[in-house]
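The values are calculated or read from the model by the stated rules, or taken from the named source; none is laboratory data. Not measured: the values here are computed from a predicted model. We place every Cβ from the backbone using ideal geometry, glycine too, and count neighbours over all the protein chains shown. The area values use the complete protein model at the heavy-atom level, side chains included, leaving out ligands, DNA and RNA. Shrake-Rupley method; radii C 1.70, N 1.55, O 1.52, S 1.80 Å.
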Amino acid sequence: TGKKAFVAGVADDQGFGWAISKALAEAGAEIILGTWVPALGIFEKSLKMGKFDDSRKLSNGQMLEFAKVYPLDAAFDKPEDVPEDIATNKRYAGAAGFTISECAEKVANDFGKIDILVHSLANGPEVTKNLLETSRRGYLAASSASAYSFISLLQHFGPHMTQGGATVSLTYFASEKVIPGYGGGMSSAKAALESDTQVLAWEAGRKYGLRVNTISAGPLRSRAAKAIGFIDDMINYSTANAPLPKELTAEDVGNAAAFLVSPLASSITGTVLYVDNGLHVMGLAV
Ligand code: NAD
């Protein structure tokens, strides 16, 4: 209660970022969003038009509110990193200060210290290509947007977070075992994200008293997942083979994230928490 959370990676009501925001709001936190610039216009319009009103209903009868929505492109750290074609792109031209350092600065100016940082974003331009066919450019883009983006967020938000604060990101089992089809270097990016979770737990723990954890989530029919192309197969596989034969909901992950960033988890840091109906324990499909 009374905590401030910055959630990076919400652009509709279908993904994990939305569900995490909602679970944190249910627990009494104030929610500040960072939304990817190309998706910002339609997100804000849909929000205003009431398109998400059903999903905004909280259990106490109130509506999920966002204190502010900032434009963000987590592939860029400083204004000088933004290439000319992006800077002059129609969708970016109207959104000032969308790099991570500028966004963190604005949030700190507007809200002071924040308590919770959520990273719920990923992007792999070549995700539909096998790793063996992935270009250097595609691989590095996946790592940049999906793994380094967390380091940079923590680097820039860390100084503006309260001692005892917490961060959480979202990862996927393809980092550990082969998931054919999760390509473009996204499996590599998730492996980096999980390894970085450990190193950053150590570093940010000592430097800022922050906790750093990641949730390895089961398959969810989000916008990002639909872009990969075989999300229905993954959901069916999970339902057929996981210890708990039910479909994972975004709320399941939202609740786990709310636990991880709460005082209930005050001694948990550097971990990967599986929220996947137990699928990761299986070695053989039935
Ligand atoms: P989503 O589409 O709701 O979220 C991804 C978000 O990332 C989108 O809002 C998109 O606008 C944003 N984004 C992309 N590039 C960005 C950039 N450069 N800067 C800022 N934002 C950017 O989909 P989701 O599935 O809820 O994804 C959230 C996280 O969950 C991701 O890390 C994803 O890899 C992870 N995850 C998803 C699944 C699944 O099955 N959906 C499973 C495990 C892990």
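Top to bottom by accessible area (1.4 Å), largest first, where do Trp202, Trp36, Trp18 land?
If we order Trp202, Trp36, Trp18 from most to least accessible, we get Trp202, Trp36, Trp18.
Sorting check: for 179-190, 132-143, which peptide has the highest mean count of neighbouring beta carbons within 10 Å, and how do the rest follow?
Order by mean packing, descending: 179-190, 132-143.
State, to one decimal in nm, how far the label point of Leu131 lies from the label point of Glu251, with both points 7 Å from Cα in the Cβ direction.
Result: 3.6 nm between the two label points.
With runs of 4+ DSSP H residues as the only contributors, calculate the mean residue ellipticity of the chain at 222 nm using -39,500 (n - 2.57) per run, divided by the residue total and rounded to the nearest 500.
The helix contribution divided over the chain gives -11500 deg cm²/dmol.
Skipping prolines and chain starts, which residues have an amide H placed within reach, meaning under 5 Å, of the one on Lys4, given they are 5 or more residues away or on another chain?
Glu30, Asp115, Ile116
Residue farthest toward the positive end of the dipole of the chain, with Cβ of Lys/Arg at +1 and Asp/Glu at -1: which of Tyr70, Ser59, Ser216?
Of Tyr70, Ser59, Ser216, it is Ser59.
Roughly to the nearest percent, how much of the accessible area of the chain is carbon and sulfur, given a 1.4 Å probe?
55
Write down the accessible area per residue of segment 4-272 in Å², having rolled a 1.4 Å probe over the full set of protein chains.
47
Enumerate the whole-percent occupancy of each 5 Å bin, from 0 to the last occupied one, for all C-alpha pair distances of segment 69-226.
Histogramming segment 69-226 at 5 Å steps yields 2, 9, 17, 20, 19, 16, 12, 5, 1, 0 percent.
Over 30 Å between Cα atoms, which of Lys3/Lys207; Lys22/Lys129; Lys3/Lys78; Lys57/Lys177 qualify?
Too far apart for the 30 Å limit: Lys22/Lys129; Lys57/Lys177.
Given Cβ point charges of +1 (Lys, Arg) and -1 (Asp, Glu) and nothing else, what value in debye, to the nearest 20, does the dipole of segment 135-286 about its Cα centre take?
Its charge dipole is roughly 380 debye.
Please list the non-local residues whose amide H lies under 5 Å from the amide H of Val275, H modeled 1.01 Å from N, same-chain partners needing a gap of 5 or more.
Sorted by chain and number, the residues that satisfy this are Ser216, Ala217, Gly218.
Hey, got the dipole for the chain? About the Cα centre, +1 on K and R Cβ, -1 on D and E Cβ, debye to the nearest 20?
The calculation lands at about 180 debye.
Where does the chain land on Rg/Rh, using Cα atoms and the Kirkwood Rh?
That ratio equals 0.94.
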